Amino acid sequence: MSWLQALVLGLVQGLTEFLPISSSAHLRITSTLFFGNDAGASFTAVIQLGTEVAVLIYFAKDIGRFIGAWFRGLFSAEARKEKDYRLAWYVIIGSVPISILGYLLKDEIRTSARNLWITATMLVVFGLLLGLADQLAKHQRDELRMKDAIGMGLAQALALIPGVSRSGGTLTAGLFLGLTREAAARYSFLLAIPAVFGAGLFSIPDVLERTGEGVQASIPQMIVATLISFVVGYATIAWLLKYVSKHSYSAFVWYRLMLGLVLMGLLSMGLLQPI
């Protein structure tokens, strides 16, 4: 991997991880279109650690409160009545589907699921679903329930397929379940922490041993790309939470549809190879 590619992909990861447009799809498309290779699922998983550290820092007070409430609830019936205790469990429960499927389907995720025809199709299909959820859902609730944790957790598992978008899938599910745009976005950020950290840490040996799929990045390149994704990702979180409090997701829906259709066109003309 060249240094330019590492820098660009770190920037792309930071810009797209929290937007409902699929960071894995953008990394896959950018790497193939501009650099002629696939950076690979392991590279993607590791540099996502930078954006998740951004989440940890941005929501540090909230996360500390949730962890404290969870530990108190293990020993106190009174503490188990707290909203923070329930939310901590919702994050744990919502992380189960992607953890199980990610482990069972790890080989497919790194190979056949990265076909660009699949990516293009998922961009369009889940873009339409996000648009429907954004326009038709009630957006009434700010407080999460168990059904929200399960529904958004299952939706997050679909993001193992590039093009679905982890944030887009969870936001779509949250909106259909009746959550406000901001509540769905905040839970989506928190829900990502266990899954993305798990995937990133699990993929580090592949990167260090240089046995993973895709073009190989050096350790300094991985570190720099991850740092870039952290800085840009932190700014993106703040921007997105402010944006969704005042706007719909329609801009992201149209972007997904156009990107998916353009990608299909490039594949049909043979200007891009699907694998």
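Only the coordinates and a few stated rules stand behind these numbers; no lab work does. Keep in mind it's a predicted model, so treat the numbers as computed, not measured. All Cβ positions, glycine included, derive from the backbone under ideal geometry; neighbour counts span all protein chains shown.
What length, rounded to one decimal in nm, is gained on full extension from Ser76 through to Arg145, with 0.36 nm per residue of separation minus their alpha-carbon distance?
Values: separation 69, 0.36 × 69 = 24.84 nm, distance 2.10 nm.
That works out to 22.7 nm of additional length.
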Requested in this report: Taking the Cα centre of the stretch 3-269 as origin, work out the dipole magnitude from +1 charges on Lys and Arg Cβ and -1 charges on Asp and Glu Cβ, in debye rounded to 20.
Outcome: 640 debye
Report task. Work out the charge dipole of the stretch 3-269 with +1 on the Cβ of Lys and Arg and -1 on the Cβ of Asp and Glu about the Cα centre, then indicate which of Leu123, Ser24, Trp3 is farthest towards its positive end. Result -> Leu123
Report task. Could you check which residue among Gly50, Gly40, Gly233 shows the biggest mean-square fluctuation in a GNM of the chain with a 10 Å Cα cutoff? Result -> Gly40
**Report entry** Centre separation in Å (Cα based) which lies between the stretch 211-257 and the stretch 118-141
**Finding:** 19 Å
Query raised in the report: How do 105-116, 76-87 rank on mean C-beta neighbours within 10 Å, highest first?
Result: 105-116, 76-87
Report summary line: Between the alpha carbon centres of the stretch 1-38 and the stretch 148-208 the gap in Å comes to 19 Å
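For the stretch 3-269, count the residues as N, evaluate 2.2 N^0.38 Å, and divide the Cα radius of gyration by that value, please. Can you show the working numbers first?
On the way: Rg = 18.0 Å, N = 267, 2.2 N^0.38 = 18.4 Å.
Compared with the compact-globule rule of thumb, the stretch 3-269 sits at 0.98.
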Requested in this report: Please give the FRET efficiency for Lys106 paired with Phe35, using the beta carbon to beta carbon distance and R0 = 25 Å, rounded to the nearest 0.05.
Outcome: 0.55
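Residue separation times 0.36 nm, minus the C-alpha to C-alpha distance between Ile223 and Leu136: what's the value? Could the numbers behind the result be given before it?
Working: separation 87, 0.36 × 87 = 31.32 nm, distance 4.23 nm.
Using 0.36 nm per residue and subtracting the Cα-Cα distance, I get 27.1 nm.
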Query raised in the report: How far apart, in nm, are the 7 Å Cα→Cβ label points at Val215 and Leu7?
Result: 1.5 nm
Query raised in the report: Of Ala39, Phe66, Ala217, whose Cα points farthest to the positive end of the dipole of the stretch 3-269 (charges on the beta-carbon: +1 Lys, Arg; -1 Asp, Glu; origin at the Cα centre)?
Result: Phe66
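Rounded to the nearest 20 debye, what is the charge dipole size of the stretch 1-145 about its Cα centre when +1 sits on each Lys and Arg Cβ and -1 on each Asp and Glu Cβ? Kindly include the intermediate steps, with their values, before the conclusion.
On the way: 14 positive and 12 negative charges, 73 e Å.
About 340 debye.
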